[in-house]
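Pasting a structure here, questions to come.
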């Protein structure tokens, strides 16, 4: 798996194995928007969520006054940035990606929680999260279904001991069934996971540790939460309308007819042709599902039924 480093405050979206896509919210202008493919099938994308606005932060986040100054900048408003992240998710869904893990750095933690509230992501990692209130922790437990990992630190006016303790009280000891973990990195300050002083061995360990635990949590949880289901269906016979209803009922596809990611294998046992008028549409749809399933680490297998064989040998009964 390729190393994903972070630049400034941001949110990363991890798509289900084998593809990884990252979307970054930089503190300074960093306009690399085109996807770049890396060894191992990773795809790295960094759209500019700041609309090319540059915010030159020179203070220390340990100072609560600097934190308030930073979050007061218009470009940090989630009402501005959240729709951009959701638009990226929608675009990826149209390409067949069905499962997402969100990793938030600083302000990105706010965006991750928002996505989890609407169950648009399947795992969440928050690194020294910003703009989270105690009520957000309670709301997450009540509305979200994504497993949660929090990488926290000792000196953090944005997510201090009070909020860290609250998270443990609400999520810990098995109270949050999807899964919860919080790591604590002593002698480190807000921002350690993205801009820590690597000359300091303790900060270096925390920065690298946060990265490793985040990727490990996202990847393992994605695998754990996937089902081990095999669905078989046959005799679609040129009727795409009823075929879509059947596969949606079996949780193979969503309401738009795209691969849901909630099954591992779809076996189409044949007899797509004859009787109805949608044979070509059905074959095209099966091919679309095959591509989408592969992107989500799934599989679509198609077999020939007796009607396909009869057509092949010229038996037109």
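Sort through 149, 131 and tell me the only one that's touching a strand residue (DSSP E or B) at 6+ places or on another chain (Cβ under 7 Å), more than 30 Å from residue 285 (Cα to Cα), in contact (Cβ under 8 Å) with a residue 40 or more places away in the chain and not assigned by TED's automatic domain parsing to the domain that holds residue 296. Before the answer, list the steps.
Values: 131 fails: touching a strand residue (DSSP E or B) at 6+ places or on another chain (Cβ under 7 Å).
149 is the lone residue from the list that is touching a strand residue (DSSP E or B) at 6+ places or on another chain (Cβ under 7 Å), more than 30 Å from residue 285 (Cα to Cα), in contact (Cβ under 8 Å) with a residue 40 or more places away in the chain and not assigned by TED's automatic domain parsing to the domain that holds residue 296.
Does residue 158 satisfy the condition of being surrounded by fewer than 20 Cβ atoms within 10 Å (Cβ to Cβ) and out of contact with any strand residue (DSSP E or B) (no Cβ under 8 Å at 6 or more places or on another chain)?
On the way: surrounded by fewer than 20 Cβ atoms within 10 Å (Cβ to Cβ): no; out of contact with any strand residue (DSSP E or B) (no Cβ under 8 Å at 6 or more places or on another chain): yes.
So residue 158 fails the test.
Scan the range 304-317 residue by residue and report those that are closer than 30 Å to residue 98 by Cα and in contact (Cβ under 8 Å) with a residue 40 or more places away in the chain.
305 - this is the single residue of the range 304-317 that is closer than 30 Å to residue 98 by Cα and in contact (Cβ under 8 Å) with a residue 40 or more places away in the chain.
So, residue 114, is that one within 30 Å of residue 297 (Cα to Cα) and part of a helix (DSSP H, G or I) or not? Don't jump to the end; show me each part of the working.
Numbers: within 30 Å of residue 297 (Cα to Cα): yes; part of a helix (DSSP H, G or I): yes.
The answer is yes for residue 114.
To keep it simple, each residue is scored yes or no on (1) under 29 Å from residue 121 (Cα atoms); (2) not in a loop (DSSP other than H, G, I, E, B).
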| position | (1), (2) |
| --- | --- |
| 232 | yes, yes |
| 238 | no, no |
| 262 | yes, no |
| 287 | yes, yes |
| 297 | yes, no |
| 301 | yes, yes |
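Would you be able to tell me the number of residues in the range 180-208 that are part of a helix (DSSP H, G or I) and in contact (Cβ under 8 Å) with a residue 40 or more places away in the chain?
At the first step, the residues of the range 180-208 found to be part of a helix (DSSP H, G or I) are 192-195, 201-208.
Cutting the leftovers down to in contact (Cβ under 8 Å) with a residue 40 or more places away in the chain gives us 192-195, 206.
Residues meeting the conditions: 5.
To continue, here is another question. Given the conditions (1) out of contact with any strand residue (DSSP E or B) (no Cβ under 6 Å at 6 or more places or on another chain); (2) farther than 30 Å from residue 154 by Cβ; (3) surrounded by 19 or more Cβ atoms within 10 Å (Cβ to Cβ), and given that residue 215 satisfies all but one, which numbered condition is not satisfied?
(2)
The values are calculated or read from the model by the stated rules, or taken from the named source; none is laboratory data. Computed from a predicted structure; not experimentally measured. Neighbour counts are summed over all protein chains in view; Cβ atoms, including those assigned to glycine, are modelled from backbone coordinates with ideal geometry.
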